[in-house]
1. Express the relative contact order of the chain as a whole percentage, based on alpha carbon pairs under 8 Å and six or more residues apart in sequence.
2. For the range 62-127, what is one quarter of the convex hull surface built on the Cα atoms, given in nm²?
3. Loop-only chymotrypsin sites (Phe, Trp or Tyr not before Pro) in the range 117-161, please: DSSP not H, G, I, E or B, and at most 13 other Cβ atoms within 10 Å.
4. Within 10 Å of each residue's Cβ, count the other Cβ atoms and sort ARG133, ARG151 from fewest upward.
5. For the range 17-105, divide the Cα radius of gyration by the Kirkwood radius and give the resulting Rg/Rh value with two decimals.
6. Computed over the Cα atoms of the chain, what is the ratio Rg over Rh, Rh following Kirkwood?
7. Any chance you could list P(r) for the range 137-196, counting all Cα-Cα pairs in 5 angstrom bins from zero, rounded to whole %?
8. Can you tell which of ALA146, LEU186, GLY175 lies farthest toward the positive end of the dipole of the range 137-196, using +1 and -1 charges on the Cβ of basic and acidic side chains (Lys, Arg; Asp, Glu)?
Amino acid sequence: MLYGNEALDELGILEGINEVIATTESEGRINAAPIGIIRSEDRLYVRLFLGTHTYENVLAKGWFVANITHDAWIFAETALEDLSPKYFTRKEDLPVLEDAEAWLLFECEAFASDIIIADLKPIKGEMIRKDFRAVNRGANLVIEAAVAATRYLALRTDSYFEELMKMQRIIDRCGGPRERLAMEQLMERVDSFSHMR
Ligand SMILES: Cc1cc2nc3c(=O)[nH]c(=O)nc-3n(C[C@H](O)[C@H](O)[C@H](O)COP(=O)(O)O)c2cc1C
């Protein structure tokens with residue numbers, strides 16, 4: 001087990017924005033969603049937007065678990081959908097993604113407003129397995145596409161949809177089957193949610 005600031009460096013939460021899957025819990029129900037942990041020289045914090053389960057759970061409980069994963073599919077999936085319980089396990093009684101490469105518990109003091117900007121305190125974490133792989137442009141773009149999809153659905157700005165179409169072509173070319181599946185499902189959801197609202 002790793003504790004405090006040592007856990008940050010050892011588990012790869014470095015300077016810049018660290019995209020992780022936050023797991024939180026409310027009334028026995030585990031939630032997972034991508035968030036960015038911002039680390040600068042002198043600060044470690046998150047920005048959480050009103051209207052998400054993650055916002056509600058962090059506000060109520062004051063903690064989340066950051067799951068570190070290179071699986072682009074899980075970013076695309078959790079950006080727009082809830083995961084079923086089979087995707088989670090428990091470590092030290094905390095909700096963790098079954099396939100996480102590492103996890104790290106953060107405490108934060110959150111105050112209700114349109115956006116929570118909360119300083120984070122790393123508590124404890126653990127490396128489960130090392131996922132060593134070459135850079136894949138398709139995988140990186142699936143994560144970009146998941147961001148664009150959440151923004152498109154929230155704001156309905158056409159430029160986000162155009163970005164998605166452009167990224168889809170590159171993901172088809174550079175990604176493997178998992179990245180292509182992630183993008184296909186993301187676009188299906190964008191399409192069906194666009195008609196619902
Ligand atoms: C890569 C990535 C990073 C994201 N970072 C944040 C973030 O830092 N803060 C935030 O409020 N939403 C962020 N989002 C959007 C949320 O993940 C999205 O609103 C999600 O639907 C919230 O799910 P929930 O309701 O289950 O919490 C991000 C999305 C992606 C794909």
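Read-outs throughout are calculated quantities, based only on the coordinates presented, and are distinct from any laboratory measurement. Model, not experiment: these values are computed from the prediction. In this analysis, Cβ positions are derived from the backbone assuming ideal geometry, glycine residues included, and neighbour counts consider all displayed protein chains.
1. Numbers: 354 pairs, mean separation 43.4, N = 197.
Computed over the chain, the figure is 22 percent.
2. The orientation-averaged projected area of the Cα hull of the range 62-127 comes to 5.3 nm².
3. Details: sites: PHE132, TYR152, TYR160, PHE161; in loops: PHE132.
Passing sites in the range 117-161 are PHE132.
4. Details: ARG133 7, ARG151 15.
Neighbour counts put them in this order, fewest first: ARG133, ARG151.
5. Over the Cα atoms of the range 17-105, Rg/Rh equals 0.93.
6. Numbers: Rg = 16.5 Å, Rh = 17.3 Å.
Using Cα coordinates only, the ratio equals 0.96.
7. 4, 22, 34, 23, 12, 4, 0
8. So the residue we want is GLY175.
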